Amino acid sequence: MSGAGEPREIFRPDLLRGKRVLVTGGGTGLGLSMGRRFLELGASLVICGRRGSVLEEAADRLKADTGGEIAWHVLDIRDAAAVDATIGRIFAEAPLDVLVNNAAGNFAARSETLSPRALDAVVNIVLHGSAYVTLACGRRWIAAKHPAMVLSILATYAWTGSPYVLPSAMAKAGLLAMTRSLAVEWGPKGIRLNAIAPGPFPTPGAWSRLVPRADLAAAFETSNPLGRPGQHAELANLAAFLISDGATFINGDCVTIDGGEWMQGAGEFCFLDKLTEAEWEAMRPQKGVRVDGSD
Ligand code: HXC
């Protein structure tokens, strides 16, 4: 285990004051944790999701806990017309400064069993839905010459790929391509796009769909060089930094926060972690003896 204590306060309490931030899927999971952090740091928050009761409960709790300004809108981001109408309503109240593409859909399945509707269910949320929201915001930012920032939540399998989550891997890869493409196209217009690729940050929604057994969950959460799962506060702090004015020269990048997980197994000699202490000692050259055995 390494560094598993509660993260300390590292920001000024007004870091995000004056920023209006939309978090898609902000009523639960990582979206809720990020939204809470943004409010604590002075942002005004808008959350959207498919279930009004979930959003209302989250908004009430966040308001009671932080005293911050929060609005919520029921929105299924797979519906392009509904996205445009809702983003129009949000901007009519006040322009957004930041969009966090957090809403996602995922489940573990053997790829050969996926129906077309199963593939679409995930890709339509993660890739198409995020693009609809990004374009709906971008059009308005560009028309108003309003500087802005888009942060998309990916996964490290956006570049490695991953078995058993094929639609999500394809969609996250597409979202990374959107981030890089628009970073260049919209950078001159004052709009930056960045991404975060989290490793294992347990949430009930993701774990219920992706990790069917407790023993597998434990192994998944600890099979990274730091030997522990991520804490939501660690992800939320990274997101807060990336949407803050401290990160205004970062554009088109994806920051990985996974304890080094994705590289574990990628290095050709990772198998050497199976060696015993005695075997390592036996491999060291002895004093006065050359490694090839000659002296
Ligand atoms: C095979 C499945 C399936 C499963 C659904 N389907 N679950 N197929 N295995 N486990 C199929 C259905 O049979 C159906 O196809 C089609 O998918 C649509 O299913 P619906 O239930 O009608 O879809 P819908 O209600 O729109 O739900 C969308 C969803 C659901 C994506 C399937 O899981 C969801 O709403 N998820 C949102 C929250 C979420 O997933 N959070 C986790 C994100 S974690 P047929 O052909 O039968 O009609 C993440 C990153 C993880 O993204 C990174 C970890 C490190």
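Looking at Asn224, Asn251 in this structure, which one is within 12 Å of the ligand (Cβ to nearest atom) and modelled with pLDDT of 95 or more?
Checking each option against the conditions leaves just Asn224.
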**Request:** Identify the residue in segment 72-121 that is open to solvent by 30 Å² or more (accessible area, probe 1.4 Å), of a type in the set (Gly, Ala, Ser) and in contact (Cβ under 8 Å) with a residue 24 or more places away in the chain and, among all such residues, is nearest to Ile142 (Cα to Cα).
**Result:** Ala94
**Prompt:** For Glu56, which of the numbered conditions (1) over 20 Å from the mean Cα position of the chain (by Cα); (2) in contact (Cβ under 8 Å) with a residue 40 or more places away in the chain fails to hold?
**Reply:** (2)
**Failed condition for Ala136, given (1) out of contact with any Asp or Glu (no Cβ under 8 Å at 6 or more places or on another chain); (2) among the small types (Gly, Ala, Ser); (3) assigned to a helix (DSSP H, G or I); (4) modelled with pLDDT of 95 or more** = (1)
**Residue selected from segment 80-137 under the condition closer than 16 Å to Ala169 by Cβ and acidic (Asp, Glu), by the criterion nearest to the ligand (Cβ to nearest atom)** = Asp120
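Conditions tested, residue by residue: (1) on the phi > 0 side of the Ramachandran plot; (2) open to solvent by 70 Å² or more (accessible area, probe 1.4 Å); (3) in a strand (DSSP E or B).
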| site | (1), (2), (3) |
| --- | --- |
| Asn237 | no, no, no |
| Gly246 | no, no, no |
| Thr256 | no, no, yes |
| Phe271 | no, yes, no |
**Request:** Say whether the condition of being over 29 Å from Gly18 (Cα atoms) and open to solvent by 40 Å² or more (accessible area, probe 1.4 Å) is met by at least one residue in segment 174-184.
**Result:** yes
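The values are calculated or read from the model by the stated rules, or taken from the named source; none is laboratory data. As the structure is a computational prediction, the values presented were derived from the model and not from experiment. Cβ: placed from backbone, ideal geometry, glycine included. Neighbour counts: every protein chain shown. Side chains are part of the model used for accessible areas, which takes the heavy atoms of the whole protein and leaves out ligands, DNA and RNA. Shrake-Rupley method; radii C 1.70, N 1.55, O 1.52, S 1.80 Å.
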